[in-house]
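In what follows, a single structure is set out as structure tokens and then discussed.
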Amino acid sequence: MKKTLKIILTVLLAIILVGAGVFYYWTQQTYEASDTLSQLVDKEDIHSEEDWLLFEPEGGADTGVVLYPGAKVEPDAYSYYGRRLAEQGYFVAIPNLRLNLAILDLNKAEQVIEKHPEMKSWYVAGHSLGGIGATSFSMNNQDVVDGVILLGSYPSDSTDFSDVSMPMLSIYAEHDQLTTLDKIEDTKHLLSEQAELHEIKGGNHAQFGVYGPQKGDGNATISVEKQQNEIMHVIIEWLDQQDKTENEMQ
């Protein structure tokens, strides 16, 4: 009996170890920034510090944006957001996530927020699975976070913002086959009453970053540069409106 139990436990341990190994290998098969990124962002504009890519305006900033990458997507694939927002006076931080998955590093934003107490406002954004990190952190830190930006993403049932006073911006794409239009529609009730939604006509899931095609995604009918520029226009306009509203309340 003891010998049989030992064999069973050995087999179970072997299965667990093999499963863990396969999972780890899967997480390391990341989406790297494509060659297109070099046409949009100069490498000198990308500053790496510990676990973060940081983009700081020359004159300093009092508003920060933390952007959680999508699952298995390298942080530099979102560098265009960082550069463009920094040009508009916003401080931007994009983290390296544990095993490249936001769900394993939900509170990552806390690190950079604690390190920059000079910021008067913080917005937390996330692409795809990174949106889970953004919404989870924001829900649990409403005293710190001033707004949420979702990029081809949506809240989970555990992060229901319908009764939360929180500005939210949800940007989604027409040909996104990973965060589909149906999923956006089905989860709208989880957004706050202040939420604004914007559809990128012709866009897809992968072009929320600059890392090339993604398995299971739809085909975009606009260029990655055009999609990125539209996203940036919408985000900057929204952030400026939040700043204006906040100043009027003071």
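Numerical summary
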| quantity | calculated |
| --- | --- |
| From the options 170, 156, 165, residue that is modelled with pLDDT under 95, of a type in the set (Gly, Ala, Ser) and either open to solvent by less than 20 Å² (accessible area, probe 1.4 Å) or not in a strand (DSSP E or B) (or both) | 156 |
| Which numbered condition residue 215 misses (of (1) closer than 18 Å to residue 71 by Cβ; (2) free of Cβ contacts under 8 Å to residues at least 24 places away in the same chain; (3) assigned to a helix (DSSP H, G or I)) | (3) |
| Residues of segment 65-91 classified as polar (S, T, N, Q) and open to solvent by less than 10 Å² (accessible area, probe 1.4 Å), total | 1 |
| Lone qualifier among 207, 242, 227 - being surrounded by 15 or more Cβ atoms within 10 Å (Cβ to Cβ) and more than 15 Å from residue 128 (Cβ to Cβ) | 242 |
| Residue in segment 92-108 that is of a type in the set (Val, Ile, Thr), surrounded by 20 or more Cβ atoms within 10 Å (Cβ to Cβ) and at negative phi present | yes |
| Number of the exception - residue 249 against (1) within 21 Å of residue 73 (Cα to Cα); (2) of a type in the set (A, V, I, L, M); (3) at pLDDT below 95 | (1) |
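The values are calculated or read from the model by the stated rules, or taken from the named source; none is laboratory data. The structure presented is a predicted model; accordingly, all values stated were derived computationally and were not measured. Glycine gets a Cβ as well: all are built from the backbone with ideal geometry, and neighbour counts include every protein chain shown. Surface accessibility is based on the protein's heavy atoms, side chains included, excluding ligands, DNA and RNA. Shrake-Rupley method; radii C 1.70, N 1.55, O 1.52, S 1.80 Å.
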